[in-house]
1. Can you pull out the residues in segment B:144-194 that are aromatic (Phe, Trp, Tyr), in a helix (DSSP H, G or I) and closer than 19 Å to B:Ile115 by Cα?
2. Give me the residue from segment A:179-200 that is without any contact (Cβ under 8 Å) to a residue 60 or more places away in the chain, under 16 Å from A:Arg81 (Cα atoms) and within 13 Å of chain B (Cβ to nearest Cβ) and, out of that set, surrounded by the most Cβ atoms within 10 Å (Cβ to Cβ).
3. State yes or no: is A:Val212 β-branched (Val, Ile, Thr) and free of Cβ contacts under 8 Å to residues at least 24 places away in the same chain?
4. Got a number for residues in segment A:146-162 being more than 10 Å from every other protein chain (Cβ to nearest Cβ) and polar (S, T, N, Q)?
5. What helices (runs of 4 or more DSSP H), lying completely within segment B:212-300, carry at least 1 residues that are surrounded by fewer than 23 Cβ atoms within 10 Å (Cβ to Cβ) and away from chain A (no Cβ under 14 Å)?
6. Mind checking whether some residue in segment B:123-136 is part of a loop (DSSP other than H, G, I, E, B) and either touching an Asp or Glu at 6+ places or on another chain (Cβ under 9 Å) or more than 24 Å from B:Ser184 (Cβ to Cβ) (or both)?
7. What residue, of A:Gly49, A:Gly39, is away from chain B (no Cβ under 13 Å) and buried (at least 20 other Cβ atoms within 10 Å of the Cβ)?
8. Kindly indicate whether A:Ala51 is hydrophobic (A, V, I, L, M, F, W, C), within 24 Å of A:Met156 (Cα to Cα) and part of a loop (DSSP other than H, G, I, E, B).
Amino acid sequence: MLKSKKITVDFSGFKAINELDFEVNRNTVHFVIGPNGAGKTTLLDVICGNARVSTGKITFNDKHDLTKMSENEIVDQGISRKFQAPSVFHHLTVYENLEIAMKQKKNLFSIIKANNNQEDERKLEDMLELIGLTEEKDNLAGSLAHGQKQWLEIAMVLMQEPDLVLLDEPIAGMSKSERKKTGELITKVAKERAVLIVEHDMDFVKDYADVVTVMHEGQLLFEGSMEDVQKDSRVREVYLGRKVD
Amino acid sequence: MQKAIYQSVFNNKVLFTFILLILLLAPLFLSDFRLNLLGKFLAFAILAIGLDLLWGYTGVLSLGHGIFFGLGAYCMAMYLKLEATGGKLPDFMTWSGMQELPLIWLPFQYPIVAIILGILLPAAIAFLLGYLTFRNRINGVYFTILSQALVLVVVTLFIGQQNITGGTSGVTNFETFFGFHVNSSSTQTVIYLITVVVLASVFLGCRKLVKGRLGNVLVGVRDGENRMRFLGYNPSNYKTFVYTLSGGLAGLAGMLFVLQVGIISPTMIGIIPSIEMVLWVALGGRGTLIGPVIGAVFVNAAKTGFSESYPEYWTYFLGALFVIVVVFLPKGLMGLVEMIQERRRKVDVKQSGIKESNIKESSSVEVEKNYS
């Protein structure tokens, strides 16, 4: 579904990503792991348009070159991202947060005229139910607990009905039970689309990964199931040579 | 919760109708002089609403709204001047040796054209400036500085082109508006009433805009422009739209201002008035629409009141007023009202304290349940 061909990201001399070939397939939960500075977050940045490649190409569904699109055009193609720090809109209610995230025409005139039909309302209610915030729907998002904000943001990503979901450390700061529920949510979500996750927590990766990519110094070190990754000697070297997170 | 209380009291239709009624009846109990002042303040309030859309909702601080106000005002003034001279060359042009009417004055012989241009011209300039800056992601303080520089440029230009703009003394000495004497008290009353109606329509129109999804998107742009991009929005389009709209509203305010004050000159549209406009919004309360209306009337009324009662010290009073509001009421006068309500709510909660904590607990349990 998503293919990158020899992409390089150059931050004034430092190559955060170096000639990376990478692929994400439909209906998979795809984790990216690697030591600090391996280029994991940069990879997400490049896909969603937050950073630009100096060379290489990223195609989505075999047709569009993402490297030439603006951020909102990439979203229109069906790629949504959740950032590391929860960034919901504190001065809007939970419901309003979901409402503006919802898949809809997002140009000025459509938004001025926008009105929810029954279908929209049902989608919004379902999503609130799924993340367990139905009771909080009219409260300001700023008043939510940390874990709830994380879920709200994941929900905002899902409301866009993307084909590819990018998550950057979705379980950071969550309690054990919250982690489990997030994992289950991710598995459920991936049934209809691909999910690409950057994560440090190895137990979490082990529990929910279909495919794991190990990155090291901007390059792809290894790709396979979590079992294979744990057996691989090069991966061990990289992780043991540096400190494991 | 906070939001719900807030909406129920301030966006109350009853309250709105009541205020509107008082304003419409004001000619019955105010002297001509006071009515004229109030009309001027209400014209400022129209501008304040536009500025609040831009600053309070969208997070773009413009220190250059005097220009848009001025463009509207000059458009109206040019028409009034031409009607006063009967289409002949205005006095200041003769003094600076002009032979015939400059081309840019020609359209302003017609009142309807002048009124339309008074809104479209500032809106068009705001659009152009907004489009170029926001598209290139010039935001925040850089935009603010740019808007301030614009004022300087335009004011210098207006002063420099004395033969066309009347220079530092501006355009004045008007006689009639659509054939009615501008200085007669009945015409002034009608203009006052028009101002009230325009203000009410602008208020309702803008409120409808921000209560819809657009308002939420604008708040999103204000609080997390980048985040909005990753939700699929193009924030620069939204900012350009609001900037254009507020420019047009400022022009509208300028036209109503000239009709009631009878003069427009570069000092009324310069840097200091532009900053004052922002203060009205800040003092009234950003992002509330009604706050800036109150702020504009309140600050200008205070200014008039102080300068009448304490002609020597009034600027100190005004300064003190600003300091007090900024230090103690960062959310402006509307913040004060909100605070009082919050306190009242807390008392209510205390009385039913046990209940509240029960609700909280059960809801957090709910979250967990729903998830599994």
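Every read-out reported here was derived from the displayed coordinates using simple, explicitly stated rules and does not represent laboratory data. Predicted, not measured: the structure shown is a model, and the values here were computed from it. In this analysis, Cβ positions are derived from the backbone assuming ideal geometry, glycine residues included, and neighbour counts consider all displayed protein chains.
1. Listed by number, the list holds a single entry, B:Tyr192.
2. Per the stated criteria, the residue is A:Thr182.
3. Here the answer is no, as A:Val212 does not meet what is asked.
4. Qualifying residue count, segment A:146-162: 1.
5. Ranges flagged: B:235-261, B:271-284.
6. yes
7. Step by step, each of A:Gly49, A:Gly39 is checked, and only A:Gly39 is away from chain B (no Cβ under 13 Å) and buried (at least 20 other Cβ atoms within 10 Å of the Cβ).
8. yes
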